[in-house]
Amino acid sequence: MVGLMNMVFDKIRWFLIDSNEWIKMMTSYTKVASGEENDNFVKEQLSNGKIVNKGIKVKSKITIPFYQLSGAMYVTTDYSNDMKFIYNERSLGIFLKETKNLIQIRRGSSIEIHDFFFNE
């Protein structure tokens, strides 16, 4: 039993994420999810708006629409030495390079995290 528990905990990696790191992560994710290339524009929209299912929304207007992918299609980007981001229409995928594990965060959870950092 102890050996089994050690195996499970050996795959856990902790990353401390504050609002600055979240903006960097979501900028990278938004760029891969939308094709938008201007970092400053993306950061501004993220800081002033909300992540919604269809993109980034500022004051009831989608300012950065996300790709509409069909079926099992996805797009990826390297975020750091530790992880890759994967976009599909339903989730934020984070591939941990060291452990070769894919973690999927539902879009609703991404929205809640963004609201936690930036909700007025």
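Before moving on, here are some points about what is shown:
- Looking across region 7-48, just one residue is in a loop (DSSP other than H, G, I, E, B), modelled with pLDDT of 90 or more and under 14 Å from the mean Cα position of the chain (by Cα), and that is ASP18.
- Every residue from region 77-112 that is closer than 22 Å to LYS54 by Cα, touching an Asp or Glu at 6+ places or on another chain (Cβ under 9 Å) and not hydrophobic (A, V, I, L, M, F, W, C): LYS84, ARG107
- Of the strands (runs of 3 or more DSSP E) lying entirely inside region 58-120, those carrying at least 1 residues that are free of Cβ contacts under 8 Å to residues at least 24 places away in the same chain, among the acidic types (Asp, Glu) and exposed (fewer than 14 other Cβ atoms within 10 Å of the Cβ) are 75-78.
The values are calculated or read from the model by the stated rules, or taken from the named source; none is laboratory data. Please read these numbers as outputs of a predicted model, since none were measured by experiment. Note that each Cβ is placed from the backbone with ideal geometry, even for glycine, and that neighbours are counted across all protein chains shown.
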